[in-house]
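The values are calculated or read from the model by the stated rules, or taken from the named source; none is laboratory data. Being a predicted model, the structure only gives us computed values, none of them experimental. Glycine also receives a Cβ, built like all others from the backbone with ideal geometry; neighbour counts cover every protein chain displayed. When the accessible area is computed, the model is the full protein with side chains, heavy atoms only, and any ligands, DNA or RNA have been set aside. Shrake-Rupley method; radii C 1.70, N 1.55, O 1.52, S 1.80 Å.
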Amino acid sequence: MRMASLVTRITQQLRRDRRTLALFFLAPLLILTLMNFIFDTEASDLKLVVTGSDETMVKALKQADFQVTAAEEFSQEKMIENDTDGWLQVENGKMKLTLLNDEPSRAKAVQMQMLHALQGNENNTPSIEERYVYGDADTKGFDTFSPMLVSFFVFFFVFLIAGIALLKERTSGTLERLLATPIKRYEIVAGYVIGYGLFALVQTIIVVLYAVNVLDIVLVGSIWLVLLTNILVALVALSLGTLLSSFAASEFQMVQFIPLVIVPQVFFTGIFPLDGMSDWLQKIGKIMPLYYASDAMNGIMYKGFTFNEVLLDLLILLAFAAVFITINIISLKKYRAL
């Protein structure tokens, strides 16, 4: 009887908690649907530019499922601009292959398909000199998305800790007592952002330095630019976490935002190839902060991008933070109108 009473009480509590019911029944369907679209995408064709070659070689490469473009002149700058996977130069019977290598798996595919296409019927492996725009022959897939993981963990822990911390402030009555004073809403938000932001800043510095110096994650660009990017990531996570905490009544409900807010962003960080996704999926990715954080981090740490080359990503992250902070200020109206 006592056990039945306990079951009845829990059942009634869950029935009244619509957010928890939505998490149980709708969140898994949302994530599974998104995963289905992500994993059902086809890899885009390998882009190859050939210079100095005859029509026979170009035809053989096309039969090997390359998207081949024959050109009289080409350059590494054009290769980067057009996201060309490989550039085959034929001069005086010698072949030189330049691989973009922004995704090592695609670079390996270019090598294998090219050797298969050029062997012909004689089974002779041609001699090809190889060069790499990014990385080298020993570059692994983890080297390209490990920078993205740094930003992800900064975002995740700042979001969760800041959200739960502000939630405790509200549930304990501290926020309500603060709102009873003449302090302005923007001063409250600024105070929380700066206060928690100082600890987020320290956490960000520790995570970045540990990843680079202890775990030896690849770093081609500036460590200062990496720190700047992750400070902006932490600011976005802080402002978003404090915003969403106003919609939660307990720590458990704050955790419920993870599969709805954090998990979907993981699919658009570059861990899964974005080029092969449908256009509408790519558009969804572009409204998520981690999309721009990962793009900037990959550019800085793996490709050696400069400040100007990642400036747009940084400005968009700053814009996300500004929007979330503004909504935070507006959302305080439901507690007190000033």
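Restricting the search to segment 276-329, which residues are part of a helix (DSSP H, G or I) and among the polar types (S, T, N, Q)? Walk me through how you get there before you give the answer.
Pass one, segment 276-329, residues part of a helix (DSSP H, G or I): 279-285, 289-301, 307-329.
Answer for segment 276-329, where residues must be part of a helix (DSSP H, G or I) and among the polar types (S, T, N, Q): GLN282, SER294, ASN298, ASN308, THR326, ASN328.
Residues are listed down the side, and each one gets a yes or a no for (1) within 30 Å of ASP138 (Cβ to Cβ); (2) touching a Ser or Thr at 6+ places or on another chain (Cβ under 9 Å):
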position	(1), (2)
PRO182	no, no
ILE194	no, no
THR204	yes, no
GLY221	yes, yes
LEU238	no, no
MET254	no, yes
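For LEU209, all conditions in the list (1) over 19 Å from PHE145 (Cα atoms); (2) without any contact (Cβ under 8 Å) to a residue 60 or more places away in the chain hold save one; what is the number of the exception?
Only one criterion in (1) over 19 Å from PHE145 (Cα atoms); (2) without any contact (Cβ under 8 Å) to a residue 60 or more places away in the chain is unmet by LEU209, namely (1).
Taking ASP216 as meeting all but one of (1) within 28 Å of PHE252 (Cα to Cα); (2) surrounded by fewer than 17 Cβ atoms within 10 Å (Cβ to Cβ), write down the number of the exception.
(1)
Regarding segment 83-104, can at least one residue be identified that is of a type in the set (Lys, Arg) and within 15 Å of ASP65 (Cα to Cα)?
Within segment 83-104, the first condition is being of a type in the set (Lys, Arg), and the residues that meet it are 94, 96.
Imposing the further condition that a residue be within 15 Å of ASP65 (Cα to Cα) reduces the set to none.
No; the residues of segment 83-104 include none that is of a type in the set (Lys, Arg) and within 15 Å of ASP65 (Cα to Cα).
How many residues does segment 243-271 hold that are surrounded by 23 or more Cβ atoms within 10 Å (Cβ to Cβ), part of a loop (DSSP other than H, G, I, E, B) and not hydrophobic (A, V, I, L, M, F, W, C)?
So the count comes out to 1.
Filter segment 299-314 for residues that are surrounded by 24 or more Cβ atoms within 10 Å (Cβ to Cβ) and either within 16 Å of LEU227 (Cβ to Cβ) or free of Cβ contacts under 8 Å to residues at least 40 places away in the same chain (or both) and give the result. It would help to see each step written out before you state the result.
In the first step, residues of segment 299-314 are kept if they are surrounded by 24 or more Cβ atoms within 10 Å (Cβ to Cβ); the result is 300-302.
Answer for segment 299-314, where residues must be surrounded by 24 or more Cβ atoms within 10 Å (Cβ to Cβ) and either within 16 Å of LEU227 (Cβ to Cβ) or free of Cβ contacts under 8 Å to residues at least 40 places away in the same chain (or both): ILE300, MET301.
Specify which of the listed residues (LEU166, LEU198, LEU209) is of a type in the set (A, V, I, L, M) and touching a helix residue (DSSP H, G or I) at 6+ places or on another chain (Cβ under 7 Å). Full working, then the answer.
Numbers: LEU198 fails: touching a helix residue (DSSP H, G or I) at 6+ places or on another chain (Cβ under 7 Å); LEU209 fails: touching a helix residue (DSSP H, G or I) at 6+ places or on another chain (Cβ under 7 Å).
Step by step, each of LEU166, LEU198, LEU209 is checked, and only LEU166 is of a type in the set (A, V, I, L, M) and touching a helix residue (DSSP H, G or I) at 6+ places or on another chain (Cβ under 7 Å).
Being open to solvent by 40 Å² or more (accessible area, probe 1.4 Å) and out of contact with any helix residue (DSSP H, G or I) (no Cβ under 6 Å at 6 or more places or on another chain) is the filter here; which residues of segment 179-195 pass it?
Those that are open to solvent by 40 Å² or more (accessible area, probe 1.4 Å) and out of contact with any helix residue (DSSP H, G or I) (no Cβ under 6 Å at 6 or more places or on another chain): ALA180, THR181, PRO182, ILE183, LYS184, GLU187, ALA190, GLY191, ILE194.
Given the criterion open to solvent by less than 50 Å² (accessible area, probe 1.4 Å) and modelled with pLDDT under 80, identify the matching residue among LEU240, LEU232, LEU290, LEU274. Reasoning before the result, please.
Working: LEU240 fails: modelled with pLDDT under 80; LEU232 fails: modelled with pLDDT under 80; LEU290 fails: modelled with pLDDT under 80.
Testing whether each residue is open to solvent by less than 50 Å² (accessible area, probe 1.4 Å) and modelled with pLDDT under 80 leaves just LEU274.
Give the residue, chosen from ALA117, ALA137, ALA70, that is small (Gly, Ala, Ser), open to solvent by less than 90 Å² (accessible area, probe 1.4 Å), at pLDDT below 85 and closer than 14 Å to LYS47 by Cβ. Lay out the reasoning, then the answer.
Values: ALA117 fails: closer than 14 Å to LYS47 by Cβ; ALA137 fails: closer than 14 Å to LYS47 by Cβ.
Going through ALA117, ALA137, ALA70 in turn, the sole match is ALA70.
Any idea which residue in segment 38-53 is nearest to ASP102 (Cα to Cα), counting only those that are at pLDDT 70 or above and either in contact with a helix residue (DSSP H, G or I) (Cβ under 8 Å, 6 or more places away or on another chain) or surrounded by fewer than 11 Cβ atoms within 10 Å (Cβ to Cβ) (or both)?
LEU46
Is segment 162-178 home to any residue that is of a type in the set (Ser, Thr, Tyr) and open to solvent by 50 Å² or more (accessible area, probe 1.4 Å)? Spell out how you get there, then give the answer.
Within segment 162-178, the subset of a type in the set (Ser, Thr, Tyr) is 171-172, 174.
Restricting the remaining residues to those that are open to solvent by 50 Å² or more (accessible area, probe 1.4 Å) gives 171-172.
Scanning segment 162-178 turns up at least one residue that is of a type in the set (Ser, Thr, Tyr) and open to solvent by 50 Å² or more (accessible area, probe 1.4 Å).
With the checklist (1) in contact with a Lys or Arg (Cβ under 6 Å, 6 or more places away or on another chain); (2) open to solvent by 60 Å² or more (accessible area, probe 1.4 Å); (3) not aliphatic (A, V, I, L, M) in hand, flag the one item THR84 doesn't pass.
Failing condition for THR84: (2).
Quickly run through segment 54-108 and pick out the residues that are in a loop (DSSP other than H, G, I, E, B) and hydrophobic (A, V, I, L, M, F, W, C). Spell out how you get there, then give the answer.
Narrowing segment 54-108 to residues in a loop (DSSP other than H, G, I, E, B): 54, 64-65, 72-75, 82-85, 92-93, 100-103.
The answer is ALA64, PHE74, LEU100.
I'd like the residue in segment 140-161 that is closer than 15 Å to TYR192 by Cβ and aliphatic (A, V, I, L, M) and, out of all such residues, is surrounded by the fewest Cβ atoms within 10 Å (Cβ to Cβ).
Looking only at segment 140-161, we keep the residues that are closer than 15 Å to TYR192 by Cβ, and these are 158-159, 161.
Narrowing further to those that are aliphatic (A, V, I, L, M): 158, 161.
Details: VAL158: 28, ILE161: 17.
Here the answer is ILE161.
Give the residue, chosen from VAL208, VAL266, VAL220, VAL233, that is of a type in the set (Val, Ile, Thr) and over 17 Å from the mean Cα position of the chain (by Cα). I'd like the intermediate steps shown before the answer.
Details: VAL208 fails: over 17 Å from the mean Cα position of the chain (by Cα); VAL266 fails: over 17 Å from the mean Cα position of the chain (by Cα); VAL233 fails: over 17 Å from the mean Cα position of the chain (by Cα).
Result of the check over VAL208, VAL266, VAL220, VAL233: VAL220.
Exactly one condition in (1) assigned to a helix (DSSP H, G or I); (2) touching a helix residue (DSSP H, G or I) at 6+ places or on another chain (Cβ under 9 Å); (3) farther than 30 Å from GLU251 by Cβ is false for TYR134; which is it?
Of everything listed in (1) assigned to a helix (DSSP H, G or I); (2) touching a helix residue (DSSP H, G or I) at 6+ places or on another chain (Cβ under 9 Å); (3) farther than 30 Å from GLU251 by Cβ, TYR134 misses just condition (1).
Name the residues in segment 179-192 that are in a helix (DSSP H, G or I) and either modelled with pLDDT of 80 or more or among the small types (Gly, Ala, Ser) (or both), would you? Spell out the reasoning first.
Just the residues of segment 179-192 that are in a helix (DSSP H, G or I), to begin with: 179, 185-192.
Matches in segment 179-192: ALA190, GLY191.
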